[in-house]
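The values are calculated or read from the model by the stated rules, or taken from the named source; none is laboratory data. Owing to the predicted nature of the structure, the values given are computational and were not obtained by experimental measurement. Glycine also receives a Cβ, built like all others from the backbone with ideal geometry; neighbour counts cover every protein chain displayed.
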Amino acid sequence: MTPGALRTPGAAALRTVHAAAAGPASDAVGGHLAHNYHPLPLTLVAGEGAWVRDTDGREYLDMLAGYSALNFGHRHPALVAAAHAQLDRITLTSRAFDHDLLEPFADRLAALTGTEMVLPMNTGAEAVETAIKAARKWGYDVRGVPADQATIVVMDGNFHGRTTTVVSFSTDDDARLGFGPYTPGFRVVPFGDADALRAAMDETTVAVLIEPIQGESGVIMPPEGYLAAVRTACDEAGALLIADEIQSGLGRTGTTFACELWGVTPDLMTLGKALGGGILPVSAVVGRADVLGVLTAGTHGSTFGGNPFACAVGLAVIELLETGEFQARARELGAHLADRLDALVADGLLVARRGAGLWAGIDVDPARMTGRELCERLMERRVLAKDTHGSTIRLAPPLMISAADLGWGLDQLADALR
């Protein structure tokens, strides 16, 4: 598909309504809206598959996919159908009552992840907070760590969300500074340094929390053998390995989960983003029953966690992943993505390329342009991407993208770099 090919029923009417309501794209941030984002200057009103449309009718190839929340593209028919069907039944019960999709969702997600227990939540940050709480309580109840002494080892360059506890162990000043006092109990070590990890662990260490691939930092890959060394260090210390697969999981890397690339099985995994199919926030912590089982009635909860609407969409997402089709597409198209980006590195247009599957971090020479400037150049060529940390941008197209569309998008990238 190329520009002009998006055909979304009702899109023209949507453009009229949204243009009148929002005004010019340049005025999108202002008035009553808090300025916690610095978006590119366009306003989107419609999307289908890998393509989106703005208020002016211009179409763009989405090479960001909502930071992997849109792994299956915009408005995937199976996901939209599941959402519509559930809207006609029941959308929310709260966990004060059960509903008919909660256990099926847990069963199917446990089977997909190869785990024993599922705790559904809403956002990725909530899933991480849940995993932290479970690890601490497990440490006290099962390991016998003295009260209020539990520690968790985390990585430099991490990104696990923006709650007050999570930013307490962030090393990104934009996310952290100005939000103290900070939550204690975390030890930060360099990502990729197994010796530093072991040195930071002691009898109080209940868990190691890690992104198998650091997404926000620029799709930073672990050194070969590192994840296996982390697993061994946790086993030796009697600590849990918690893998944050919120961005890297659910097909993005060519496997269902990034940890599979290195044959590592974590004790807990946090999931989110793509689990909601780009329709609503859905997250979960999955893992060992003896760990999640320490959370009992009243110790943790969420009004919306595991709601019927979320479970209906989540089940449809699981069905898409059970076939293996999207994982295979990420592998096959990811190889093409890597080849094209490596050619740009060889030509001197890029400094470096990292990634796995349909996920890449690319660095441009800061003397030539910033990552923001490159994203603006891409936007002019009707391709959407997002910068992070100076002259690095991330590419994460929907896994359903066609080879032709991916090739066209990479052609625009090459043109933008010249």
Q.
Could you check region 53-90 and list, in sequence order, the residues that are touching a His at 6+ places or on another chain (Cβ under 7 Å) and among the polar types (S, T, N, Q)?
A. 55
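Each row is one residue, and each column tells you yes or no for (1) more than 30 Å from residue 386 (Cα to Cα); (2) without any contact (Cβ under 8 Å) to a residue 40 or more places away in the chain.
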{"residue": "157", "(1), (2)": "no, no"}
{"residue": "175", "(1), (2)": "no, yes"}
{"residue": "199", "(1), (2)": "yes, yes"}
{"residue": "217", "(1), (2)": "no, no"}
Q: Determine which single condition residue 206 fails, assuming it passes every other condition in (1) assigned to a loop (DSSP other than H, G, I, E, B); (2) over 30 Å from residue 353 (Cα atoms).
A: (1)
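Select, from 127, 96, 106, 78, the only residue that is crowded, with 20+ Cβ neighbours inside 10 Å and among the small types (Gly, Ala, Ser).
127
Just a yes or no: is a residue in region 261-279 modelled with pLDDT of 95 or more, assigned by TED's automatic domain parsing to the domain that holds residue 118, among the acidic types (Asp, Glu) and outside any loop (DSSP other than H, G, I, E, B)?
No: zero hits.
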**Q.** Residue in region 167-175 that is of a type in the set (Phe, Trp, Tyr), part of a loop (DSSP other than H, G, I, E, B) and closer than 28 Å to residue 322 by Cα present
**A.** no
Q: From (1) exposed (fewer than 13 other Cβ atoms within 10 Å of the Cβ); (2) part of a helix (DSSP H, G or I), pick out the condition that doesn't hold for residue 112.
A: (1)
Q: Please tell me if residue 56 is farther than 28 Å from residue 300 by Cα, surrounded by fewer than 22 Cβ atoms within 10 Å (Cβ to Cβ) and among the charged types (D, E, K, R).
A: yes
Q. If you take the residues in region 30-86 that are of a type in the set (S, T, N, Q) and touching a residue at least 40 places away in the same chain (Cβ under 8 Å), which one is nearest to residue 311 (Cα to Cα)?
A. 86
Q) Checking residue 369 against (1) outside any helix (DSSP H, G or I); (2) closer than 23 Å to residue 248 by Cβ, which single condition isn't satisfied? A) (2)
(Q) Being crowded, with 21+ Cβ neighbours inside 10 Å, among the hydrophobic types (A, V, I, L, M, F, W, C) and over 19 Å from the mean Cα position of the chain (by Cα) is true for just one of 152, 132, 90. Which residue is that? (A) 152
